[in-house]
């Protein structure tokens, strides 16, 4: 009789443990934010000096689980369109190095613990000195607004760009 009573309790314990493992696995395996899409800068909500020089800016982002590619196009007050070189960065945290324009550029990306903020670090080494920025990308709750906070390498100066999804 004891053996029959013990078996259902043991099964219940294993079911309980399995449910706990699945719950914690689901919580810790959150999908990272997806920044893919075409984004139009809201110049009024972005830092004030943008309105002095630009009448528009677009940010096109392609993201896969392995990498992210960001292409920015600006339209100045005279109607001249300028495209920046695309930035492609792995999402595995490894640093990418490129030698170009007389210096060495290093790029790396790092997710916040909750995988909602992606920070891309860009460092240019030229003549023995490092220059660069940290760009933190985050989405609004409904994923319709992209905010990019760019700081220098020391985190002292900050520029905010706000984009609306096209």
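For every residue, the table says whether it meets (1) in the same structural domain as residue 69 (by TED's automatic domain parsing); (2) crowded, with 16+ Cβ neighbours inside 10 Å; (3) in contact with a strand residue (DSSP E or B) (Cβ under 7 Å, 6 or more places away or on another chain).
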| residue | (1), (2), (3) |
| --- | --- |
| 112 | yes, no, no |
| 124 | yes, yes, yes |
| 131 | yes, no, yes |
| 136 | yes, yes, yes |
| 147 | yes, yes, yes |
| 150 | yes, yes, yes |
| 156 | yes, no, no |
| 159 | yes, no, yes |
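Residues of the range 27-69 that are within 16 Å of residue 111 (Cα to Cα) and either in contact (Cβ under 8 Å) with a residue 40 or more places away in the chain or part of a loop (DSSP other than H, G, I, E, B) (or both): 29, 30, 31, 32, 33, 34, 35, 36, 64, 65, 66, 68. Of the listed requirements (1) under 21 Å from residue 165 (Cα atoms); (2) surrounded by fewer than 14 Cβ atoms within 10 Å (Cβ to Cβ); (3) free of Cβ contacts under 8 Å to residues at least 60 places away in the same chain, residue 97 misses just one: (1). With respect to residue 162, determine if the residue is under 22 Å from residue 31 (Cβ atoms) and touching a residue at least 24 places away in the same chain (Cβ under 8 Å). Criteria not met by residue 162. Inside the range 113-151, residues that are part of a loop (DSSP other than H, G, I, E, B), free of Cβ contacts under 8 Å to residues at least 40 places away in the same chain and either within 20 Å of residue 165 (Cα to Cα) or under 9 Å from the mean Cα position of the chain (by Cα) (or both) make up a count of 4. Remark: residue 62 falls outside the filter, which requires a residue to be surrounded by fewer than 16 Cβ atoms within 10 Å (Cβ to Cβ) and at pLDDT below 95. Would it be correct to say that residue 72 is within 30 Å of residue 144 (Cα to Cα), without any contact (Cβ under 8 Å) to a residue 60 or more places away in the chain and assigned by TED's automatic domain parsing to the domain that holds residue 137? Yes.
The values are calculated or read from the model by the stated rules, or taken from the named source; none is laboratory data. This one's a predicted model, so the numbers in the text were calculated from it and none came from an experiment. Here Cβ is always computed from backbone atoms with ideal geometry, including for glycine, and neighbour counts include all displayed protein chains.
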